[in-house]
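The values are calculated or read from the model by the stated rules, or taken from the named source; none is laboratory data. The structure presented is a predicted model; accordingly, all values stated were derived computationally and were not measured. Virtual Cβ from ideal backbone geometry, glycine too; neighbours counted across all protein chains shown. Calculation scope for accessible area: heavy atoms of the full protein, side chains included, ligands and nucleic acids excluded. Shrake-Rupley method; radii C 1.70, N 1.55, O 1.52, S 1.80 Å.
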Amino acid sequence: MIITTNALVLSKLRYRDNDLIVKCYTQHYGVLSFLLRGVLKSKKGLTKTAYFQLLSQLQLVIVYNPNKSLHTIKEAKINHLYSSLHTNILKSAIVMFLSEILTHTLKEEEQNETLFSYLETTLLWLDNHSDCSNFHLLFLLNLTKYLGFYPEKIHLEHDYFNLQDGKFETKQVGDYAVSGENLIILKQLLGIKFDALSTIKLNAKQRQSFINLMLLYYELHLGGFKKPKSLQILNQVFN
């Protein structure tokens, strides 16, 4: 079955000498993997591989077979040509980090239009804005809406947030109660728009602490979730 679908590149892996396996999040079929045969062998093929940079937004014509784990791409073209996402060192570190997060969290081979739209529009926002130091914090928080564990926003006045239950509470319960600076940042980010991110002033230490908090939140709610290897690079770049 030949299908045309928009897609976001999640990861790519060299396979044998001249092939690539590319994992994408597609608009119509969720997560799909593709075998690109011989693309590393010729100049024409190498040009094609440039399309498959992390989180690139593509339009693909694919041969889709629901009984196969690897599908075929007949045609690929760039839907949105980024101006800074892969050239700005801060943004490219964010891209590497978020692509790893998405690779770990997006598993379903099914359509989710609202999630796809969220990923598409937020990445375009990042590409078009220079102040991006807090982008990944809000991105991770908002992503939990689509993964099913967005924090309950009632009782924001309470002094603790329970990571395990995703609720604000009056007292510290269990091992995963958040208070202090991380609680303040969480309350600031809840419900905020990306355009208002510049109003939140954080230093590198505060940012790292909140990222670690969010990654723990993901670990508690997603079975098998692992801390991204690219986190160290992200922290170094933002230091």
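Checking each residue in the stretch 169-207 for being without any contact (Cβ under 8 Å) to a residue 40 or more places away in the chain, farther than 28 Å from Thr121 by Cβ and not acidic (Asp, Glu) picks out Thr170, Lys171, Gln172, Val173, Gly174, Ala177, Val178, Ser179, Gly180, Leu183, Asn203, Lys205. Touching a residue at least 60 places away in the same chain (Cβ under 8 Å), open to solvent by 60 Å² or more (accessible area, probe 1.4 Å) and either farther than 24 Å from Lys107 by Cβ or touching a helix residue (DSSP H, G or I) at 6+ places or on another chain (Cβ under 7 Å) (or both): is that true of Lys48 in this structure? So Lys48 does not fit the description; no.
For the condition out of contact with any strand residue (DSSP E or B) (no Cβ under 8 Å at 6 or more places or on another chain) and hydroxyl-bearing (Ser, Thr, Tyr), Ser209 qualifies. The number of residues in the stretch 11-45 that are among the aliphatic types (A, V, I, L, M), farther than 15 Å from Ala76 by Cβ and either in a loop (DSSP other than H, G, I, E, B) or in contact (Cβ under 8 Å) with a residue 12 or more places away in the chain (or both) comes to 2.
The conditions of being in contact with a helix residue (DSSP H, G or I) (Cβ under 7 Å, 6 or more places away or on another chain) and assigned to a loop (DSSP other than H, G, I, E, B) are not met by Ile233.
Listed by position, the helices (runs of 4 or more DSSP H) inside the stretch 94-209 whose residues that are open to solvent by less than 30 Å² (accessible area, probe 1.4 Å) and within 30 Å of His71 (Cβ to Cβ) number at least 1 are 113-128, 135-147. Taken together, Asn65, Asn79 contain a single residue that is surrounded by fewer than 13 Cβ atoms within 10 Å (Cβ to Cβ) and either over 13 Å from the mean Cα position of the chain (by Cα) or in a loop (DSSP other than H, G, I, E, B) (or both), which is Asn65. Here is the figure for the stretch 210-239: residues that are of a type in the set (Val, Ile, Thr) and open to solvent by 30 Å² or more (accessible area, probe 1.4 Å) total 2. Against the conditions (1) farther than 30 Å from Asp131 by Cα; (2) surrounded by 15 or more Cβ atoms within 10 Å (Cβ to Cβ), Arg16 satisfies every one except (2). Beta carbons closer than 7 Å, at least 6 apart along the sequence or on distinct chains, pair a first residue in the stretch 212-232 that is among the basic types (Lys, Arg) with a second that is open to solvent by less than 60 Å² (accessible area, probe 1.4 Å) for Lys227/Leu215; Lys229/Glu100.
Restricting Thr103, Thr144, Thr122, Thr87 to residues that are in contact (Cβ under 8 Å) with a residue 40 or more places away in the chain, polar (S, T, N, Q) and over 30 Å from Ile2 (Cα atoms) narrows the list to Thr144.
Checking each residue in the stretch 48-104 for being at pLDDT 95 or above and in contact with a Pro (Cβ under 8 Å, 6 or more places away or on another chain) picks out Phe97, Glu100, Ile101. Quick check, is Ile21 on the phi < 0 side of the Ramachandran plot, at pLDDT 90 or above and open to solvent by less than 50 Å² (accessible area, probe 1.4 Å)? Spelling it out, Ile21 is indeed on the phi < 0 side of the Ramachandran plot, at pLDDT 90 or above and open to solvent by less than 50 Å² (accessible area, probe 1.4 Å).
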